[in-house]
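Student: Quick one: structure below, then a few questions.
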Amino acid sequence: MSRESVPMGKEETLLKLKETEAQIRAAKDAAEKDRDRVLREARREALEVRDRLREQAEARYREILAGAEASVKKEREKILAAGREEAARMTAKGRANVDRAVELVLGKFEGARHA
């Protein structure tokens, strides 16, 4: 008779159950290790994504800041140029007034001297 046709004895059944339980434990341990590995990889990838996005955000911030600084510098130069022009106009006007004032004072002085 072949062994397959003979019913298993109590010891064989217990041995088979223990082997099956050991296989289940090994599969469970492997699944837990795999789960832990997947979680570690997911955390690492999440950190990499976060770092990459932070770097991109900081680069964009620097671009925006540089653009704003350039804009402010341009506006500042524009304001300074307008101020210089106004100062030059006022200086010229002041010089013209001084020349007239000098002529007026000299005229009065001459008038007073001849009187």
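None of the figures in this text is laboratory data; all of them are computed from the coordinates on show. Because the structure is a prediction, the values reported are computed rather than measured. Positions of Cβ are backbone-derived with ideal geometry, glycine not excepted, and every protein chain shown enters the neighbour counts.
Student: Could you tell me whether the stretch 8-21 includes any residue that is of a type in the set (D, E, K, R) and surrounded by fewer than 10 Cβ atoms within 10 Å (Cβ to Cβ)?
Tutor: Within the stretch 8-21 (the criterion being of a type in the set (D, E, K, R) and surrounded by fewer than 10 Cβ atoms within 10 Å (Cβ to Cβ)), the answer is yes, since at least one residue qualifies.
Student: Within the stretch 69-115, how many residues turn out to be surrounded by fewer than 10 Cβ atoms within 10 Å (Cβ to Cβ) and among the small types (G, A, S)?
Tutor: The qualifying residues number 3.
Student: E103 - would you say it is under 34 Å from the mean Cα position of the chain (by Cα) and assigned to a helix (DSSP H, G or I)?
Tutor: The answer is no for E103.
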